[in-house]
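None of the figures in this text is laboratory data; all of them are computed from the coordinates on show. The structure presented is a predicted model; accordingly, all values stated were derived computationally and were not measured. Quick reminder, even Gly has a Cβ in these numbers, built from the backbone with ideal geometry, and neighbours come from all protein chains shown.
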Amino acid sequence: MYRARRAGFVLSCVAVVMMNAAWAADPAPAPASAPGADSSAELRRLKTQLDEQRKQIEQLLATLEVQSKLLEKIAAAGATGHNTPLNPGLMVSTAPMLAPASPNPAPATNPAYNPLRAAAAAPAGSPLQLKIGDTTIMPVGFMDLTAAWKDKNAGGSLGSNFGSIPYNSAATSKLSEFRFSPQNSRLGFRVDGNWKGAHFIGYNEFDFLGTSGSNNLSVTNGAFVPRIRLYWVDVRMDKFEVLAGQSWSMMTPNRKGISALPGDLFFSQVIDVNYMAGLTWTRQPGVRFLYHASDKLTMGVSFENPDQYMGGSAGGSTTVLPAALTGLAGAQLDNQTNVQTIPNLHPDIIAKIAFDPSAKAHVELAGILRTFKLWNTTTGQPTSGQYSTKTGGGGSINANFEIVKNVRLVANNYWSDGGGRYLFGQAPDVVVRADGTVSPIHSGGTVDGIEAVVHKNTLLYAYYGGIYVGRNVAVDANGTSLVGYGYRGSANSQNRTIQEITFGFNQTLWKDAKYGALNFMGQYEYLMRSPWYWAANVAGGKGTHDDTVYFNFRYTLPGGAPAAK
């Protein structure tokens, strides 16, 4: 380009000089001379003019050479990054907005959807991906408005309080709820880069479901509070991978491998921000180590935040402590009254192995090890014999299969001895006996269903979810009173089972790889719960149910992660 400019400049200069020559070749007529006069004086004058024009051309060429070298230096500086480029290389994902029948669904229908796994670098010229050297920064998230109607006033705000829906005999069962909420909107960013043969990902994500101290959220100002959901960094080199930070627990079922990316996880397609009764999940800090034996087989171990939990969160019931040991609540056992003050012996240890034999199947096995330790405060100064330590744990078998094109079956099953916290806190981990010893509670959950993509732009789904909380009864020190969970005479908040049947749709109204997507969603949810004990002659029967309907409009940001190198 610079050579072309130089050539054009030379031609222009030559043209100017030639014009001068032409003008000089046709001077004003001289006085007439006598016939036969000597013309040598005229020839000398023309020669002098030509010499002057030659010198002018040489000067112009020298000036042009200096300018050409200066332009080449400027161009070299721009190529090495010393100039600010006019186009910073913004790119966007071409990933589908609906779940394909493949092991890589990243649908906008997913409540935690982020366009994370484009198979290759997104096309240039798109607005929401910034590339700086070998590092790519991509915004993720969506803007969301949810309408929720519940036929019983369960007090669960936008999400469902599975374990505390009112019984038919309660006054609140005669009241319904309706509200609009933008709280499920997400905002965050993802950073991808390469360093010395390793590929790293930094990921964070916020929503607006945080606990607010304001009492006028529905009066004059919907000042909903943001909260951290995910905040982690992941580094992979060849077959080895390390992740640290707050992520979805490795006990959360995967759709593919043992990836922590939201699009690679299964937490259903529902609109409910608390997902499904029976789903095994939590988001918490920890560190995990993975080994990719092959493209089809991944193994990993994770060390995650522990918590000795006695119930009370998200509508779950608490256990009843012996009379002399009620002070353990909120001090040595988490009953949701204190924040991170509970003692814990060691991290929860989770192991998982995942097998993806083809694009049509995913199977995984996971196990968890937990340890609980309490000090009996009634015995004075602590000695070694006054501590109670008990090991608990659990395991899960999860799978999803494409049975026909664009139709997948999912099955996720979990059973534990002291792992109730991982069922959205609907089951306590332990009970305490009169002598201060710890006893884990059996609990388990399942989520099974079907997902189908119809006409490319419509996703349909239907699931069944269930939770079972085992009975664990002890006799108090007086020899007559019963304590623990599920004993005769216990509160009807101590659930034996919680069950859910739900189905819904997600319709993509509009989508564009460069500008995002607009979706309209709907969900119907039927919840049931039954307690271990129901007092005689109490109206309303031994169970209850709740009907919930969600509708949702969502605009999902464009964006696509680059291919890992």
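Return L158, L230 ranked ascending by Cβ neighbour count within 10 Å, so the fewest neighbours appear first.
The order, fewest Cβ neighbours first, is L158, L230.
Give me the tail of P(r) for segment 130-556 as a percent: Cα-Cα pairs with distance above 28 Å.
53 percent
Would you calculate the volume per residue, in Å³, of the smallest convex hull containing every Cα atom of segment 356-477?
115 Å³
What ranking of T337, T136 emerges when the number of other C-beta atoms within 10 Å of each C-beta is taken as an exposure proxy, fewest first?
T337, T136
Please turn the phi angles of segment 444-455 into ³J(HN,Hα) values with the Karplus equation 6.51 cos²θ - 1.76 cosθ + 1.60 (θ = phi - 60°), one per residue in order, whole Hz, x for glycine and proline.
Those phi angles translate into x, x, 8, 9, 9, x, 9, 10, 9, 9, 10, 6 Hz.
Return the sequence-ordered ³J(HN,Hα) values of segment 43-59 in whole Hz as given by the Karplus equation 6.51 cos²θ - 1.76 cosθ + 1.60 applied to θ = phi - 60°, using x for Gly and Pro.
5, 5, 5, 5, 5, 4, 4, 5, 4, 5, 5, 5, 5, 4, 5, 4, 5
What does the charge add up to near D448, with Lys and Arg as +1, Asp and Glu as -1, over the other residues with Cβ less than 13 Å from its Cβ?
Net of charged neighbours comes to -1.
Please report Y461, Y533, Y414 as a ranked list, fewest other C-beta atoms within 10 angstrom at the top and most at the bottom.
Y533, Y461, Y414
Output wanted: per-residue J couplings in Hz (rounded whole) for segment 231-241, from phi through Karplus 6.51 cos²θ - 1.76 cosθ + 1.60, θ = phi - 60°, x for Gly and Pro.
7, 8, 10, 10, 10, 10, 10, 6, 8, 10, 9
By how many nm would the segment from L43 to T135 grow when fully extended, if each residue of separation counts as 0.36 nm and the alpha-carbon distance is taken off?
Taking 0.36 nm per residue and subtracting the Cα distance, the gain is 25.9 nm.
Full-extension gain between Q386 and Q284, please, as 0.36 nm times their residue separation minus the C-alpha to C-alpha distance.
Stretched fully, the Q386-Q284 segment lengthens by 33.6 nm.
Hey, got a sec? Which trypsin sites (Lys or Arg not before Pro) in segment 415-471 land in a DSSP loop and have at most 14 other Cβ atoms within 10 Å?
On the way: sites: R421, R433, K456, R471; in loops: R433, K456, R471.
The qualifying sites are K456.
At 0.36 nm per residue, and after removing the present C-alpha to C-alpha distance, how many nm does the segment from V301 to S169 gain when stretched out fully?
Values: separation 132, 0.36 × 132 = 47.52 nm, distance 4.71 nm.
Extra length available between V301 and S169 comes to 42.8 nm.
Counting only the backbone N, which residues of segment 236-258 are under 12 Å from the spot 7 Å out from the Cα of Y291 toward its beta-carbon?
Only 239-241 pass the distance filter.
Given H placed 1.01 Å from N in the peptide plane, which residues other than close sequence neighbours of T252 have an amide H under 5 Å from its amide H?
For T252, the qualifying residues are T282.
Mind checking the alpha-carbon convex hull of segment 138-289 and giving the volume per residue in Å³?
Spread over its residues, the Cα hull of segment 138-289 gives 131 Å³ apiece.
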